[in-house]
1. Kindly count the pairs of lysines across the stretch 21-94 whose alpha carbons are less than 30 Å apart, treating pairs on different chains or eight or more residues apart as eligible.
2. Could you give the size of the charge dipole of the stretch 21-94 about its Cα centre, using +1 on the Cβ of each K and R and -1 on the Cβ of each D and E, expressed in debye and rounded to the nearest 20?
3. Using the Kirkwood radius built from alpha carbon pairs, what does the Stokes-Einstein equation give as D for the stretch 21-94 at 25 °C and 0.890 mPa s, in µm² per second?
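Only the coordinates and a few stated rules stand behind these numbers; no lab work does. What you are looking at is a predicted structure, and each value in this text was computed from that prediction instead of being measured. Here Cβ is always computed from backbone atoms with ideal geometry, including for glycine, and neighbour counts include all displayed protein chains.
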Amino acid sequence: MPAATTSTKPAKSEAKKKIATRTGLVDSDKRPNTRRVIVQTLSTHPKYGKIMRSRTILHIHDEKNESSFGDLVEVAACKPISKTKRWKLIRIVQKGVGMKFEGVQAPDTDGNAPAPATPAKAPVKPGTKPAAKAPAKPGAKKSQNPAKKK
């Protein structure tokens, strides 16, 4: 009778697959249980060697609505949940990393309000159109490029 051999391979339940994950910023949290995450990557051009930026937009499933706009999150691929959702939230790496505060200025040391970042436009009355260019005179020739001759 042959001797019994023991297998060194772990059982299927014991073996854990390492799941590939991506890290990105939450760009939109307007829908329930769904977040839009932007994953940015850098790569070098094969011929010229220039470093190129690219981004991928992922729609992820957030079961508990934990993440919010500007959070740095880790996501993993999963089976399709809807037409566009193929990713699920694994964990929130850091809260509020990518918060956007554009056009906000600190007040002066005097306590006065700061001047607006952009100059204000003159108000336009409702029902009126902004001024347009004057029409060309009838019969006037259009200017031709002197370098281009027939």
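1. So the count of such lysine pairs works out to 10.
2. Numbers: 16 positive and 7 negative charges, 86 e Å.
Roughly 420 debye, rounded to the nearest 20.
3. Numbers: Rh = 12.9 Å.
Diffusion coefficient, whole number: 191 µm²/s.
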